[in-house]
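S.K.: Here you go, one structure.
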Amino acid sequence: MNASLSPEHILQTGMAFWGSKALLSAVELGVFTLLAEGPHTAEQLRRRLGLHPRAMPDFLDTLLALGFVQREGSGELAAYSNTAETQFFLDRASPGYIGGVLEMANARLYPFWAGLTEALRTGQPQNEIKHSGEPMFAKLYEDPARLEQFMAAMSGISAGNFTLLADKFDFGPYRTLADIGGATGQLACLVAARHPHLRCTTLDLPQVTAIAERHIERRGLAGCVQARPIDFFSDDFPQADVITMGMILHDWNLEKKLQLMRKAYDALPPGGCLIAVDNLIDDDRRHNAFGLLMSLNMLIEFGDAFDYTGADFDRWAREVGFQRTELIPLVGPGSAAVAYKQA
Ligand SMILES: C[S@@+](CC[C@H](N)C(=O)[O-])C[C@H]1O[C@@H](n2cnc3c(N)ncnc32)[C@H](O)[C@@H]1O
């Protein structure tokens, strides 16, 4: 064997699902929520979580080796506790909880990704609509528990990007914002809290309106954020100075992407802007592995939907009439693509 070659990267990626599933099961079981109460021994955790003796200490020490828990001492008296990150992001009672996306990944994406090879061969989705061919959101939202789970997943995956968008983008010149496909109203709430001069509306399918209202109320923002129902393909967009779309464009094929961008353009005043938040792929399609994997995830979820590069966004924006675009890097692989309508 060539001594300069190492199989490490191949094996690590090939077996990465082991570590992934260990973390997803820990979130499903509520390990981090329990540890937020304070340090526990393996036996205390085993009893509280209802696990088989064989699970210990392997499960906890795996989480330790992966960097998701800490351990003081060794043997039966060793006490496990959260790391700073798992305490803030994975305790269900924490305001920073992002585990919704991991709960959804565990319940839905993990089994659906087993169909990736089939999706690559057929171009067909591998999720709930695999056998029925029904529209994905209609099917998912038939079941209130799945609807709530999907909403929690969106909050988890988008919280960091929306917080940074509220910080980085200059909302000063604008008065109104409409978030199209706004789910729980998270983007509208984070932006309104940071920029109290803005009047924000979050719009999503009718099944989602009551969920958004609940979240807005809980954040104490009912005075400046409104939730309204919309079908963004059949209804007109409301007029607003800023139209935002968080992980909306990537859910659709090119024809529908352009339809949504055109509707946004038509609803904006001169000088208004469209902001799309997605995991934009680098123009050379080499580096943003998460963005590329997200695009494969769109194959799994929808079939013909796909993620896109900043250059794609710029081309489509100009095609529907926008004057210019810019990219604002957000958290890790996430970016905001902004398209400005001529003033
Ligand atoms: C991937 S989620 C993104 C949620 C949120 N913007 C975020 O980034 O966290 C897509 C959203 O589009 C909404 N949606 C799908 N089809 C829709 C339609 N025809 N009209 C309005 N909203 C729709 C879904 O209900 C869902 O909340």
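The values are calculated or read from the model by the stated rules, or taken from the named source; none is laboratory data. Since this is a predicted model, take the numbers as computed values, not measurements. Cβ coordinates were reconstructed from backbone atoms using ideal geometry, including for glycine residues, and neighbour counts include every protein chain displayed.
S.K.: Name the residue, out of LEU66, LEU34, that is surrounded by fewer than 16 Cβ atoms within 10 Å (Cβ to Cβ), touching a helix residue (DSSP H, G or I) at 6+ places or on another chain (Cβ under 8 Å) and at pLDDT 95 or above.
M.R.: Being surrounded by fewer than 16 Cβ atoms within 10 Å (Cβ to Cβ), touching a helix residue (DSSP H, G or I) at 6+ places or on another chain (Cβ under 8 Å) and at pLDDT 95 or above holds for just one of LEU66, LEU34, which is LEU66.
S.K.: Now for a different question. Can you find a residue in region 139-155 that is in contact with a His (Cβ under 9 Å, 6 or more places away or on another chain), among the small types (Gly, Ala, Ser) and within 18 Å of HIS215 (Cβ to Cβ)?
M.R.: yes
S.K.: What are the pairs with Cβ atoms under 9 angstrom where one residue, in region 110-134, is closer than 23 Å to VAL27 by Cβ and the other, located anywhere, is among the basic types (Lys, Arg) and surrounded by 15 or more Cβ atoms within 10 Å (Cβ to Cβ)? Sequence gap at least six, or different chains.
M.R.: The qualifying pairs are PHE112/LYS130; GLY115/LYS130; ASN127/ARG108; ASN127/LYS139; GLU128/ARG108; GLU128/LYS139; GLU128/ARG146.
S.K.: I'd like to know if region 248-259 contains one or more residues that are in contact with a Lys or Arg (Cβ under 9 Å, 6 or more places away or on another chain) and away from the ligand (no atom under 12 Å from the Cβ).
M.R.: No, that holds for no residue.
S.K.: Hey, another quick one. Restricting to region 9-61, name every residue that is of a type in the set (A, V, I, L, M, F, W, C), within 19 Å of GLY100 (Cβ to Cβ) and not in a helix (DSSP H, G or I).
M.R.: ALA36
S.K.: Let me ask something else. Could you tell me which residue of region 158-191 is surrounded by the most Cβ atoms within 10 Å (Cβ to Cβ), considering only residues that are within 8 Å of the ligand (Cβ to nearest atom) and among the small types (Gly, Ala, Ser)?
M.R.: The qualifying residue surrounded by the most Cβ atoms within 10 Å (Cβ to Cβ) is GLY182.
S.K.: Related question: It is to be established whether one or more residues within region 219-229 are in the same structural domain as MET154 (by TED's automatic domain parsing), surrounded by fewer than 20 Cβ atoms within 10 Å (Cβ to Cβ), closer than 24 Å to TYR174 by Cα and within 11 Å of the ligand (Cβ to nearest atom).
M.R.: Scanning region 219-229, I find at least one residue that is in the same structural domain as MET154 (by TED's automatic domain parsing), surrounded by fewer than 20 Cβ atoms within 10 Å (Cβ to Cβ), closer than 24 Å to TYR174 by Cα and within 11 Å of the ligand (Cβ to nearest atom), so the answer is yes.
S.K.: Same structure, new question: Only one of PHE313, PHE290 is among the aromatic types (Phe, Trp, Tyr), surrounded by 21 or more Cβ atoms within 10 Å (Cβ to Cβ) and closer than 23 Å to GLY182 by Cβ; which?
M.R.: The match here is PHE313.
S.K.: Hey, another quick one. Inspect region 108-128 for any residue being among the small types (Gly, Ala, Ser) and within 16 Å of the ligand (Cβ to nearest atom) and give the result as yes or no.
M.R.: No, there is no match, as no residue in region 108-128 is among the small types (Gly, Ala, Ser) and within 16 Å of the ligand (Cβ to nearest atom).
S.K.: OK, next. From the list ARG199, ARG262, ARG194, pick out the single residue that is modelled with pLDDT of 95 or more, touching a strand residue (DSSP E or B) at 6+ places or on another chain (Cβ under 7 Å) and not hydroxyl-bearing (Ser, Thr, Tyr).
M.R.: Details: ARG262 fails: touching a strand residue (DSSP E or B) at 6+ places or on another chain (Cβ under 7 Å); ARG194 fails: touching a strand residue (DSSP E or B) at 6+ places or on another chain (Cβ under 7 Å).
When all the criteria are applied, what remains is ARG199.
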